[in-house]
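Everything below concerns the one structure shown next.
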Amino acid sequence: MNAKQTIEAGKAILGIEFGSTRIKAVLIDEENKPIAQGSHEWENQLVDGLWTYSTEAIWYGLQDCYADLRRDVMKQYECEIESLAAIGFSAMMHGYMAFNKDQQILVPFRTWRNTNTGKAAAKLSELFNYNIPLRWSISHLYEAILDNEEHVKDIKYLTTLAGYVHWQVTGQFVLGVGDASGMIPVDPATKTYDAEMVRKFDELVAPYGFPWQLLNILPKSLNAGENAGFLTPEGAKRLDVSGHLKAGIPVCPPEGDAGTGMVATNAVKQRTGNVSAGTSSFSMIVLEKPLSKPYEMIDMVTTPDGSLVAMVHCNNCTSDINAWVGLFKEYQQLLGVPVDMNELYGKLFNKALEGDADCGGLMAYNYVSGEPVTGLQEGRPMFVRSANDKFNLANFMRAHLYGAIGVLKIGNDILLKKEQVKVARITGHGGYFKTPGVGQRMLAAALNSPISVMETAGEGGAWGIALLAGYMVKNPDQLTLADYLEEVVFAGNKGTSIAPTPEDVEGFERYIENYKSGLAIEQCAVEHKK
């Protein structure tokens, strides 16, 4: 079938992901290739000191995104979407969406960005002997309890953004196991919420006398491939306000953006990983066994099929590089030279390859905001050199490219060196890798591991959740998710790989030792520049 026939026959599959600045829809064909897309730009709001999106913004954004997809289908294929083979919803993980028995939201949605949960996260990390980050749903819930918030006694349902949208369009209060693992830790053996931690939490809050226990208010955790319900007539109208889309379409378990990123980069098998590097960065390594102990800078989540994943999340990545490239753009304009930003980035990134392996002693701190992994509450972007360092453009650019992934290296050194985690393949995606070969080589040096980049990785999480929807409805051989991705979706395509050179690895090690020593300078800048 061609794309038009696939859509008209109702065999296309839809994935929709709610990102922090954009809602994206991707329609794929029976070969898992994108054939149409739509999007909606949106921004969070700071309301009463907390970052949120209103429920009105969520539904308007979803409807506008779907309408944009319909327009793209009509423009390309001159046909209407009447039915689909499957749908999947994904969204940014964690946060807090609490509802009463009438399914009314009790307080505005508290997103993962909020950091008001310090007391709760510290107490729970100690109680569970497990790193519980500030942004996790259980931290938000316990903080609301500690703060004596009136609404807590009325909670009947607690879920994530993906879980909320899925629930409202299918009637099923469920969550994919990867997204569930960002609410409260999941036991990889049972692939559902850790029973011992649930018991400890219930004991902890028992004196408050709430009419609920934790498992009563959490969504049921589902594995990739399980059926998670069907689009209801009301759900079809909420998604497609034009009324063309029919009810009854199967919907896969809703997932978090970390899980869809793993799927989109073919990194759900044990001993694989992926690095997303753009405005912020994070790495996900799928583990063969649990770590020996909890680490504050490493979050433990799962793949969409329940394997344990070690995640290093960094608040900063390419923003400071972008600021410096903007400065070079101004200089070009001052000289009256026309500016092509793609060419400018390409030339500056490639120039970095000519630099010394240790950047000639130059150092860059990309901290636009605070960085929990290195203990910085606030950020001050900073470039540091001594009088005797080799100060030239190649070293300057290389120092900033190293600096963009310096924190990521510090976190991953715990996994790769201290915990001796074995990784066969790491896939990179995001703006850091846009100039071919450059970001790959820098990250390969940082992690001392080959780094692959795939053309399809740019399709992102909306494509990833569409693949998960496809896995649910067209897997006749009952393959595992890892084998389905390997054999059906990617068919052996591992992308373009760059291996580290001994010289680059040694140079990055020298750079990072200087970097760690210089963190005191960064801390001093935070304390003295208000």
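Read-outs: derived from the displayed coordinates by stated rules, not from any lab. What you are looking at is a predicted structure, and each value in this text was computed from that prediction instead of being measured. All Cβ positions, even for glycine, are placed from backbone atoms using ideal geometry, and neighbour counts span all protein chains on display.
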Please determine, in degrees from 0 to 90 and to the nearest 10, the orientation of helix 161-170 with respect to the longest principal axis defined by the Cα atoms of the chain, where the helix direction is its Cα long axis.
-> 20
Debye intensity ratio I(q)/I(0), log10, the range 284-442, q values 0.15, 0.19 Å⁻¹ (C-alpha model) = -0.90, -1.26
Given Lys191/Lys289; Lys269/Lys289; Lys123/Lys516; Lys293/Lys418; Lys33/Lys191; Lys101/Lys220, the pairs whose alpha carbons are separated by over 19 Å = Lys123/Lys516; Lys33/Lys191
C-alpha center-to-center spacing [the range 60-109, the range 237-282] in angstrom = 12
In vacuo Debye scattering of the range 51-121, one point per C-alpha: log10 I(q)/I(0) at q = 0.15, 0.26, 0.28 Å⁻¹?
-> -0.72, -1.24, -1.31
Return the label of the correct value of Rg and Dmax of the Cα atoms in Å, as calculated from the structure shown, out of (i) 25.9, 88; (ii) 23.3, 71; (iii) 25.6, 84.
-> (ii)
How large is the Kirkwood hydrodynamic radius of the range 1-62, in angstrom, based on all distinct alpha carbon pairs?
-> 13.3
Protection proxy (average C-beta count within 10 Å per residue), highest first, orders 432-442, 134-144 as 134-144, 432-442
Taking the chain as the reference, fit the longest principal axis to its C-alpha atoms, fit the long axis of helix 319-334 to the helix C-alpha atoms, and give the angle between the two in degrees, 0 to 90, nearest 10.
-> 60
Distance histogram for the range 191-289 (every C-alpha pair counted, 5 angstrom bins, percent rounded to whole numbers) = 2, 10, 12, 12, 13, 15, 15, 13, 6, 1, 0
Label point at Thr190 placed 7 Å out along Cα→Cβ; residues across the range 294-318 whose backbone nitrogen lies under 17 Å | 302, 306-308
Report, to the nearest 10°, how far helix 502-517 tilts away from the longest principal axis of the Cα atoms in the chain, using its own Cα long axis and a range of 0 to 90°.
-> 90
Could you tell me the distance between the Cα centroids of the range 332-379 and the range 380-428, to the nearest Å?
-> 12
